[in-house]
Amino acid sequence: MPSASPTIVTGVTQCIMLSLSMVVIAALVGAGGLGVPVVRALNTVQVGMGFEAGFAIVLLAIILDRVSRPKESGAPR
């Protein structure tokens, strides 16, 4: 199990990234959530609002990726 830990963590982070990339597509088919502001901006051709909403989703993905990574266990320098 300890040797599989890096692979499991990679799978979890990839799952987080995939789910956050699908929120806009899910909102296109009627699901609520984070993708709704992006879809509204696409429908009304509001580029600024779409960029802000998309940037918020990307920022959330980056934060969740950094939080879910294990801490480096190296020797102090």
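Worth a mention:
- Of the peptides 15-28, 54-67, the order by per-residue mean of other Cβ atoms within 10 Å, starting with the highest, comes out as 15-28, 54-67.
- Linear extension gain, LEU64 paired with GLN14, 0.36 nm per residue minus alpha-carbon span: 16.9 nm
- Ellipsoid semi-axes in whole angstrom, largest first, where each is sqrt(5λ) of the Cα gyration tensor of the chain: 34, 15, 6
- For the chain, the longest principal axis of the Cα atoms and the long axis of helix 47-68 meet at an angle of about 20 degrees.
- Percent accessible area from carbon and sulfur atoms, the stretch 4-77, protein chains only, probe 1.4 Å: 69
- Computed from point charges on the beta carbon alone (+1 for Lys and Arg, -1 for Asp and Glu), the dipole magnitude for the chain about its Cα centre is near 180 Debye.
- Computed from Cα atoms, the angle from the helix 5-21 axis to the main principal axis of the chain rounds to 10 degrees.
- Short-range pairs are left out: with C-alpha atoms under 8 Å and at least six residues apart, the relative contact order of the chain is 29 percent.
- By the helix-only formula, in which each DSSP H run with n ≥ 4 contributes -39500 (n - 2.57) and the sum is divided by residues, the chain has a 222 nm mean residue ellipticity of -22500 deg cm²/dmol.
The values are calculated or read from the model by the stated rules, or taken from the named source; none is laboratory data. These numbers were taken from a predicted model, which means no experiment stands behind them. Please note: Cβ atoms are built from the backbone with ideal geometry, for glycine as well, and neighbour counts cover all protein chains shown. Protein only, heavy atoms only, side chains kept; ligands, DNA and RNA dropped before computing areas. Shrake-Rupley method; radii C 1.70, N 1.55, O 1.52, S 1.80 Å.
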